There are 2 protein chains.
Amino acid sequence: MHTPPMIGKNIQRIRSARKLTLNVLSERSGVSKAMLSQIESDKVNPTVATVWKIARGLNVELNDLLEADDEPKRIFSLNPAAEDAAKLEKKQDGITIRVLSPLSMVEELEMYLLTFEPHAALVSEPHFPGTQEYLTIVKGTVKVTVGDNTAELKRGDFLMYHCDTDHAIYNDSNQPAIVHMVVRFSPDRR
Amino acid sequence: MHTPPMIGKNIQRIRSARKLTLNVLSERSGVSKAMLSQIESDKVNPTVATVWKIARGLNVELNDLLEADDEPKRIFSLNPAAEDAAKLEKKQDGITIRVLSPLSMVEELEMYLLTFEPHAALVSEPHFPGTQEYLTIVKGTVKVTVGDNTAELKRGDFLMYHCDTDHAIYNDSNQPAIVHMVVRFSPDRR
DNA sequence: TCGATGAGTTCAGTATACTGAACGCAGTTT
DNA sequence: AAACTGCGTTCAGTATACTGAACTCATCGA
């Protein structure tokens, strides 16, 4: 963070995206309509407490109002010989699936970057026996269910499981979540 | 974020970790000593602008002062059959290396979670020809150099490269950085 | 044409964030 | 001891964040 935050712009953007009036947001946040108006037009330096109340009213993280807009995810390939970086992107039901692994390794394992919109879920059928999945949480929080077991994960957490039973990844929160996923196919399959 | 932030505690923790006096931090941040004292003891609701100035003075992200303490990274294993999750942890030169991949796949590939303290660097000799590395940035920003090529990466970015030449990962910033790394050994080696 | 409703803005008053200076309290020095 | 230095706290004054009410300007029916 090298520039002062642009709180007003962020609040206005989210509020109009949610189609809320100042009156409604005022009620939901407990911050006066007058103050909201002045904050949105950068006429005041709000206190942290006030911005926090607004974040609650908007159902977003405090940081979402203080940070600049989320940058897009990028894929680099630093070696000419690694040129076959797959950039496939699929979008469905609030989930963006980005294939990271090159085609050359599609038989042994696959790597994905999964972006979950708020409340999106990725439900999977059982894979081939012996298949394993490895998750690393890059952003937000997700809930993972494998058979009868469940885990709550947050940024930096790592999870591994056999996925020859039903398994699912949920984003319960109001924030987007990003998950790095490695699928390793059973050597038996090959 | 479901509870109001504990700014005072965070500032005090970082300030004393840095061994700074209120006078010094006041000079470096442009916030009066009196105000710093009152913020640290939760006697006031500081404005965002003030907290931002303090963050600059401490050389940390604004969010680091507003969020609760950074939770430790956790490793889960959701399936009894995947019980051999390695939890090896090595620390050297400001870098924590956590082995994520189970021993059963050590021949084909390895997965790590790397935590870089501010300004830490991980410099590697060339690996066996054909070896590839795949990086996903979980937190912070890092600079990666492979041979003559360099890339700046931030959270959510993904990078792949052949690592049969010299390669290095730097954390130039004042923030810790977390990187997920997959090393895939050349099939020829096996 | 004229209220009436509902949007965002402006106004005047009060609460409080913020400052520089004074203060109290250690540990050192003389 | 007394004087000094450097730490964090408290004080009194000023700037301003914040509020409820008044205001403006649309859009909508009668």
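A compact table of results
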| read-out | value |
| --- | --- |
| Expected 222 nm ellipticity per residue - DSSP helices of 4 or more, -39500 (n - 2.57), all of chain A, to 500 | -6500 deg cm²/dmol |
| Neighbour-count order for A:ARG74, B:ARG56, A:ARG98, fewest beta carbons within 10 angstrom listed first | A:ARG74, B:ARG56, A:ARG98 |
| P(r) histogram, all alpha-carbon pairs of the range B:80-189 included - 10 Å bins from 0, percent | 15, 46, 33, 7, 0 |
| Radius of gyration, Dmax [the protein assembly as shown; alpha carbons; angstrom] | 22.6, 69 |
| Length gained when the stretch A:GLU152-A:LYS91 is fully extended (0.36 nm per residue, less Cα-Cα span) | 19.6 nm |
| Per-residue mean of C-beta atoms belonging to partner chains within 10 Å, peptide A:91-102 | 1 |
| When the range B:7-66 is reduced to its Cα atoms, the Kirkwood hydrodynamic radius in Å | 10.9 |
| The protein assembly as shown: antiparallel DSSP beta bridges as a percent of all, rounded to 5 | 95 |
| GluC sites (Glu not before Pro), loop per DSSP, at most 11 other Cβ atoms within 10 Å - longest free stretch of chain B | B:108-190 |
| Convex hull (Cα only) mean projected area of chain B, reported in nm² to one decimal | 13.6 |
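Only the coordinates and a few stated rules stand behind these numbers; no lab work does. As the structure is a prediction and not an experimental result, all values here were calculated from the model. So basically every Cβ, Gly included, is an ideal-geometry build from the backbone, and we count neighbours across all protein chains shown.
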